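Values quoted throughout were computed directly from the atomic coordinates according to the rules given, and no laboratory measurement underlies them. All figures in this text were calculated on a predicted structure; none of them were measured in a lab. Cβ sites come from the backbone with ideal geometry, for glycine too, and all protein chains shown count toward neighbours.
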Amino acid sequence: MSRETRNAELRAKTERMLRGSLKHARAAALAAALVPLASVAVSKAVVTVNASGGAGGTVPPTCDFATSGGFVLKDGGTKVTFGAHGGCKHEDFWGHLNITDHQTGLSVNSLEIRGYLNSPASPNIRDICGTATTNQGGNQPVEFRVRLVDNGEPGVADQFGILLSNGYHITTRLLNNGQNGGGNVQLHEPNPSTSGPVPAPSEQTMCGSLWEMVP
């Protein structure tokens with residue numbers, strides 16, 4: 001199966017997941033089905049993300065993958081729903097991003113996953129970089145950088161943030177303000193298929209104009 005076919009299938013599954021009955025708390029559970037090999041969650045300590053400062057991310061030396069789905073609340077209280085998955089696979093990157101801002105109507109759908117990075121801030125953090133289309137701005141493609149933070153089960157301490165090259169920015173924050181039902185971020189253990197590109201690309205190559213920024 002070609003990379004383009006895999007990406008198209010993953011995009012369709014994510015969009016169905018967000019539209020259907022699994023769209024919030026159960027979204028991340030379904031996301032695990034989007035990869036071919038079963039995996040075990042990584043044990044981890046809770047981290048609080050500070051969005052200030054540089055990025056400094058690199059491809060994880062032993063690459064893995066992350067799945068997520070749910071919603072965060074903007075500062076005014078309106079929802080931004082999301083499904084974000086990414087990682088390494090067969091010496092390449094894979095994944096998909098879909099978000100909907102229920103205040104502005106903005107919809108973002110990934111075109112290409114260009115990078116998957118860890119963070120010097122914490123082993124619990126993964127960033128996904130790529131390009132996407134939106135339903136605003138004349139369908140001009142944008143670059144994106146998503147931040148996922150897995151702080152363990154049941155997910156109330158997990159976090160999500162996103163930054164677009166057009167200036168759209170949701171700072172990294174707790175799912176559903178730390179209340180139940182906001183979804184889940186799951187960082188998975190490496191498996192034999194989760195090999196990254198060799199040599200590993202630079203942060204600037206993966207994240208483009210957002211390489212020095214974090215959500």
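Taken one residue at a time, the phi angles of the stretch 139-144 give Karplus couplings (6.51, -1.76, 1.60, θ = phi - 60°) of 6, 5, x, 10, 8, 9 Hz. Gly and Pro are set to x. Placing R0 at 41 angstrom, the Cβ-Cβ distance between SER195 and GLN136 gives a FRET efficiency of 0.65 after rounding to 0.05. Computed from backbone phi, the HN-Hα couplings of the stretch 91-105 come to 6, 8, 9, 9, x, 7, 10, 9, 9, 9, 8, 7, 8, 9, x Hz, rounded to whole numbers (Karplus: 6.51 cos²θ - 1.76 cosθ + 1.60, θ = phi - 60°; Gly and Pro given as x). If you wrap the tightest convex hull around every Cα atom of the stretch 102-200 and split its volume per residue, you get 129 Å³.
With a sphere of radius 10 Å drawn around the Cβ of LEU164, what net charge do the other residues whose Cβ falls strictly inside it have (Lys, Arg +1; Asp, Glu -1)? Once positives and negatives cancel, what remains is 0. Neighbour counting of Cβ atoms within 10 Å sorts the residues LYS89, LYS74, fewest neighbours leading, into LYS74, LYS89. Separation of the stretch 192-215 and the stretch 114-185 by C-alpha centroid, Å? Going from one Cα centre to the other spans 15 Å.
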